[in-house]
1. Just name the residue that is nearest to Val45 (Cα to Cα) out of those in the stretch 1-29 that are among the β-branched types (Val, Ile, Thr) and in contact with a helix residue (DSSP H, G or I) (Cβ under 8 Å, 6 or more places away or on another chain).
2. What are the residues in the stretch 1-27 that are open to solvent by 90 Å² or more (accessible area, probe 1.4 Å) and among the β-branched types (Val, Ile, Thr), if any?
3. Does the stretch 30-41 contain at least one residue that is touching a helix residue (DSSP H, G or I) at 6+ places or on another chain (Cβ under 7 Å) and open to solvent by less than 100 Å² (accessible area, probe 1.4 Å)?
4. For residues that are β-branched (Val, Ile, Thr) and open to solvent by 80 Å² or more (accessible area, probe 1.4 Å), scanning just the stretch 42-59, find the one that is modelled with the lowest pLDDT.
Amino acid sequence: MSAGMWISLILGAAIVVLLLIFILQNNVPADFQYFGWQFQLPLGVAMLFAAIGGIFVAGIIGSVRIFVLSRRLKKIERSGR
């Protein structure tokens, strides 16, 4: 494997360890309400779910933007020929 892949693997493992420590230290139960549902989760887990949700939203918005730009580029390329 290349050096970059090893560095990425080590950084990813370090982030996972830090996340696990964060979740274990923030295991105080918290009450949540979402569209009428009421439930209780450990605070660290809830914050992790919120971060994952944010990553999904950013990924979807980024994917739509890339799709729009690629269609615009194809349109420009077709009109230039």
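The values are calculated or read from the model by the stated rules, or taken from the named source; none is laboratory data. Quick caveat, the model's predicted, so the values are computed rather than measured. Here the Cβ positions follow ideal geometry from the backbone for every residue, glycine too, while neighbour counts run over all protein chains shown. In case anyone asks, the SASA skips ligands and DNA or RNA and just uses the protein heavy atoms, side chains included. Shrake-Rupley method; radii C 1.70, N 1.55, O 1.52, S 1.80 Å.
1. To start, the set of residues in the stretch 1-29 that are among the β-branched types (Val, Ile, Thr) comprises 7, 10, 15-17, 21, 23, 28.
Filter once more, keeping what is in contact with a helix residue (DSSP H, G or I) (Cβ under 8 Å, 6 or more places away or on another chain): 23, 28.
Working: Ile23: 6, Val28: 10 Å.
Selected residue: Ile23.
2. Of the stretch 1-27, the ones open to solvent by 90 Å² or more (accessible area, probe 1.4 Å) are 1, 5-7, 9-11, 15, 18, 20, 24-25, 27.
Once the filter is applied, which keeps residues that are open to solvent by 90 Å² or more (accessible area, probe 1.4 Å) and among the β-branched types (Val, Ile, Thr), the stretch 1-27 yields Ile7, Ile10, Ile15.
3. Within the stretch 30-41, the subset touching a helix residue (DSSP H, G or I) at 6+ places or on another chain (Cβ under 7 Å) is 30, 32.
Next, from what is left, pick out any that are open to solvent by less than 100 Å² (accessible area, probe 1.4 Å): 30, 32.
Yes, the stretch 30-41 has at least one match.
4. Taking the stretch 42-59 first, the residues β-branched (Val, Ile, Thr) are 45, 52, 55, 57.
Next, from what is left, pick out any that are open to solvent by 80 Å² or more (accessible area, probe 1.4 Å): 55, 57.
Values: Ile55: 90, Val57: 94.
Applying the filter and picking the extreme gives Ile55.
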